[in-house]
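These notes concern the structure reproduced below.
The values are calculated or read from the model by the stated rules, or taken from the named source; none is laboratory data. Because the structure is a prediction, the values reported are computed rather than measured. Ideal geometry is used to build each Cβ from the backbone, glycine not excepted, and the neighbour counts take in all protein chains shown. In case anyone asks, the SASA skips ligands and DNA or RNA and just uses the protein heavy atoms, side chains included. Shrake-Rupley method; radii C 1.70, N 1.55, O 1.52, S 1.80 Å.
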Amino acid sequence: MPHSLMVLFTGLRLYRERHPERGSRLKLHFVGTSYAAPGRGKASVQPVAAECGVGDQVSETPHRIGFLEALRLQQGADALLLLGSSDLAYSPSKVYLYYLTGRPILGLVFRASVMERLLDELRCAFMVRFSENAPKDDAYAGLERFFDLAIERFPAGSLPARNDAYFNARYLADELTRQQCDLFNAAKQN
């Protein structure tokens with residue numbers, strides 16, 4: 001996801017250049033960016049932030065943390081981040097947990113990706129869309145709007161109305177269990 005990180009951090013740098021006081025208030029924390037055990041992870045986000053000139057606003061904990069600790073951090077965050085991948089079929093499993101937190105979400109997504117479609121259906125994220133080989137001016141403008149909203153503590157009506165009916169009908173335990181049972185029944189009949 002280095003391309004998404006470059007867009008994010010370049011957008012943050014541009015925001016700080018245009019709005020120094022407001023921009024300096026933004027801090028981004030990345031946790032669990034590798035599969036390594038504590039003390040063995042190698043930073044992959046911080047170097048990109050430093051390259052973009054915003055290393056002082058980005059912290060990274062590369063090792064994995066426990067599930068309950070991850071949930072606690074998500075619940076306590078001002079906003080959550082979903083970074084898209086140049087693999088357009090990529091869909092992060094954390095979308096569903098992020099949805100359940102009810103926290104504001106920034107979806108930084110590649111156009112025509114599975115993640116873009118899913119977040120559009122759920123209507124749970126402030127979407128910033130871009131293409132790998134196209135100008136990023138619209139993405140930077142979208143990030144500026146999101147950063148303004150974050151500093152203003154996301155005023156009522158500033159984020160999309162979540163599609164709870166869609167989420168409940170497709171992603172809760174009852175429905176997913178039914179789908180698994182249907183699959184097993186179909187396999188058993190063959």
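For the chain, modelled as a GNM whose springs connect Cα atoms under 10 angstrom apart, the maximal fluctuation among 66, 55, 41 occurs at 66.
What percentage of the solvent-accessible surface of region 24-139, computed with a 1.4 Å probe over protein heavy atoms, is contributed by carbon and sulfur atoms? Before the final figure, lay out each step's value.
Numbers: 3210 of 6170 Å².
Summing carbon and sulfur atoms, their accessible area is 52 percent of the total for region 24-139.
Mean residue ellipticity, 222 nm, helices only, the chain: the sum of -39500 (n - 2.57) across DSSP H runs of n ≥ 4, divided by residue count and rounded to 500, is -14500 deg cm²/dmol.
Any idea how far apart residue 151 and residue 69 come out in nm if each label point goes 7 Å out from Cα toward Cβ? A separation of 3.3 nm, rounded to one decimal place. Charge tally for residue 167 (other residues, Cβ to Cβ under 12 Å; Lys, Arg +1; Asp, Glu -1): 0.
With r defined as the distance between the Cβ atoms of residue 101 and residue 189 and R0 fixed at 35 Å, what FRET efficiency is calculated, to the nearest 0.05? If you can, show how the numbers build up before the last one.
Numbers: r = 40 Å, r/R0 = 1.13.
According to the calculation, E is roughly 0.30.
Toward the positive end of the charge dipole of the chain, with +1 on the Cβ of Lys and Arg and -1 on the Cβ of Asp and Glu, the farthest Cα among 180, 143, 130 is that of 180.
Computing FRET efficiency as 1/(1 + (r/R0)^6) for residue 6 and residue 180, where r is the C-beta to C-beta distance and R0 is 30 Å, gives about 0.15.
A simple spin-label model places the labels of residue 46 and residue 86 2.5 nm from each other, with each point 7 Å out along Cα-to-Cβ. Calculated accessible area for region 17-167 comes out at 55 Å² per residue, all protein chains present (probe 1.4 Å; ligands, DNA, RNA ignored).
Extension gain residue 165-residue 117, at 0.36 nm per residue separation less the Cα-Cα distance, in nm?
On the way: separation 48, 0.36 × 48 = 17.28 nm, distance 1.64 nm.
So the extension gain works out to 15.6 nm.
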